[in-house]
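These notes concern the structure reproduced below.
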Amino acid sequence: MLKMMTFFQGLPGERPVPGAVDFPRSPQKLPSTSEGESEASMSEASSEDLVPSPETGAALERDEERAAKKEKKKKSKGLSSMLKVFKGRRKKGQPSSVEPEAEPNASPGLDSRLPTVEELKVDLEHGRLEAARPLLALERELLETAAAGRLSDQELVRRQSKVEALYALLRDQVLGVLRRPLEAAPEQLRQALAVVAEQELEDRQVAAGPGGSALAPTRPRHWLQLWRRGVTQAAEERLSQPVATGAEGPSAAERTFLHMGRTMKEDLEAVVERLKPLFPAEFHVVAAYAESYHQYFAAQLAAMAQFELCERDTYMLLVWVQNLYPNDIINSPKLAGELQGIRLGSLLPPKQIRLLEATFLSNEVANVKELMARALELESQRWAQDVPPQRLDGHCHSELAIDVIQIVSQSQAKAESITSDLGVQIRQVLLLELAGFLRSYQRAFDDFLERYKQLKNYRANVIANINNCLSFRASVEQRWQTLQDTHSHLLVPLNEIKTHGFDSLLQNLFLDLKPLFKRFTQTRWSAPVEILEEILATVSERLPEFSELQDSVRKELMEAVHLHLVKEYIIRLSKRRLILKTAEQQQQLARHILSNADLIHCFCTQNGSSANWLSLALPRLAEIICLQDLNAIKIEVATYVTWYPDFSKGHLNAILAIKGNLSSSEVRSIRSILDINTGPHESTHPLFSLIRVG
């Protein structure tokens, strides 16, 4: 369906349309208000009737001579001007109007004669539109004769039928030229336009004149209206041309609308570029064609929208109604200025558009939910079947994040390809669905961690999923960075997956470190440097196990190791097995702590940890142990709480227990500092909340 967005892409098997309004080659009769009348006239005035008999011709000439003698006082009016259909070509720069000037009703003079009916018939059959002016003169003369009452009713009917038969020929010739205007020579097209303009003027003059003629009324002829009907019929024929179908690619409906859209655009551009300069302004040629094409296009869409549509066709209709038609056709560079004042409107009414949009949103959300669930199911099956993850640039890799983000992105792109507002609407819904998926992902991963530890590729798949969180996080932060609440909500399951993954990867390492940390209290801190160096060496030996983590994730894992080392060190200090009663002993322990803190910090930062917030945890505790002045200790404790808000009275009691030279009242006085600083403190980085004290 997205291929349809490439608006000018040709369809396979379809003949390219030239840059013109290619009207059908096989002429069809145009509907007209006087069509039945003209057919009757043509049948009545057969080829024999159109040629007057000698007796009738002589009678007509004698009648005309007698009528001329009775009007000797009137000035004779020559027919030379009538035979000139065009009084001169329009000079360059003059308005493009071919409406003739009103002429007084003319009667033939004795020195001139009107062409016979047969002569006019031959001229018209050969497409000589110059015969239009003499035919109009015959019509006017017949009206004068009828008004004078010089002929019987039967003879008037006979003559009028001949005139109307000639008008039927003229009409078919004129409208035939106008039906395929780009195929006609410019001069012939101007003649046809002049005839229509002349007939429209005659319609208005007859309507404004006195009525009551003995002749059957034949005006108004409405040739301009007939031309507009022809434009409508031509638009239907152009847009309804069959389109080649293929087994693959766009559906039949998509091909049809693509054909209609491209045809309408190219035809209207041809009208603007090639017909508008030739047509008089009063024809409103651009509006006539645009409205006809628009009406047919809208009718086809409305007919299709009445049925229960599949998801693909619902999307296609919305794309055409809301995007392609108004943007790529109506507001295209060559047409925007011409169509701006015509106000064609939308292809579908607003209520129907809203219903289609609601259906589209429902379909898309259901599809996204199903596709994401299927992707997670396939990924979980690979974990359970002990399928090793892919390796990409030396790192364990999973396609799950790429697949899911692509599903969400494509759905939002589809909505935005209809309207930006619809893109905003679906964005909120997709966020909710993505949040639900990530929670499902977390549950599936936790289940894998719990049940499949014995598998050979267990650790590799854990690393792949931790790396996967990085891809998810990057996409969420990039796409929804302006929505902080939703952004944070989405990251919670990802953080849990990463944390649980770290716990699983580090579990064996931390078990190996536990007996080493116990030696701090067993030796009563007599050899703290040697013990710590052994601890750091053990960590260093195990670090290559995490090399398949992404670099940034490996640094986060090193921060977790850094936190564990500091936490375990504080736990050993808080065991209350070491009581130092002299200031010298306390200062010596403080020096050991400072030295160990420096070793831990240097080792961890050199291996990628950026947990600088841990740098003061041990040194400031050493300062509390070292200080002897009560007020100095209080100040240091108060400062320490600002750095580590989860430092509680229980933790403080454990540290103060090391200082065996403090009285109970002094301890209570120091503890009271925490009463002043108590409040809703939430630590950004938990440390002491991870340490349980008695």
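A single member of Arg620, Arg591, Arg671 is in a helix (DSSP H, G or I) and modelled with pLDDT of 95 or more, and it is Arg620. Filtering Ser488, Ser411, Ser471, Ser440 for residues that are assigned by the TED database to the domain that holds Glu377, among the hydroxyl-bearing types (Ser, Thr, Tyr) and either outside any helix (DSSP H, G or I) or open to solvent by 60 Å² or more (accessible area, probe 1.4 Å) (or both) leaves a single hit, Ser488.
In a residue-by-residue description of segment 277-289, the property of being buried (at least 19 other Cβ atoms within 10 Å of the Cβ) and not in a helix (DSSP H, G or I) applies to at least one position.
Of all the numbered requirements in (1) of a type outside the set (S, T, N, Q); (2) open to solvent by 40 Å² or more (accessible area, probe 1.4 Å); (3) within 23 Å of the chain's Cα centre (by Cα), Asp393 misses one, and that requirement is (3).
With respect to the conditions (1) in contact (Cβ under 8 Å) with a residue 60 or more places away in the chain; (2) among the polar types (S, T, N, Q); (3) over 30 Å from Leu449 (Cα atoms), Ser380 falls short on a single one, namely (3).
So is Leu516 part of a helix (DSSP H, G or I), free of Cβ contacts under 8 Å to residues at least 24 places away in the same chain and either surrounded by 18 or more Cβ atoms within 10 Å (Cβ to Cβ) or among the hydrophobic types (A, V, I, L, M, F, W, C) (or both) or not? Yes, satisfied. Any residue at all in segment 245-252 that is assigned to a helix (DSSP H, G or I) and open to solvent by 10 Å² or more (accessible area, probe 1.4 Å)? Yes. Checking Glu548, Glu534, Glu568, Glu584 one by one, the residue that is out of contact with any helix residue (DSSP H, G or I) (no Cβ under 7 Å at 6 or more places or on another chain) and either open to solvent by 30 Å² or more (accessible area, probe 1.4 Å) or not basic (Lys, Arg) (or both) is Glu584 and no other. Residues in segment 337-377 that are more than 25 Å from Ile407 (Cβ to Cβ) and either open to solvent by less than 30 Å² (accessible area, probe 1.4 Å) or outside any helix (DSSP H, G or I) (or both): 12 in all. Of all the criteria given as (1) within 30 Å of Glu187 (Cβ to Cβ); (2) under 20 Å from the mean Cα position of the chain (by Cα), the one not satisfied by Ala235 is (2).
The values are calculated or read from the model by the stated rules, or taken from the named source; none is laboratory data. Just so it is clear, the model here is predicted, and its values are computed rather than measured. As a convention, Cβ positions derive from the backbone with ideal geometry for all residues, glycine included, and neighbour counts pool all protein chains shown. Calculation scope for accessible area: heavy atoms of the full protein, side chains included, ligands and nucleic acids excluded. Shrake-Rupley method; radii C 1.70, N 1.55, O 1.52, S 1.80 Å.
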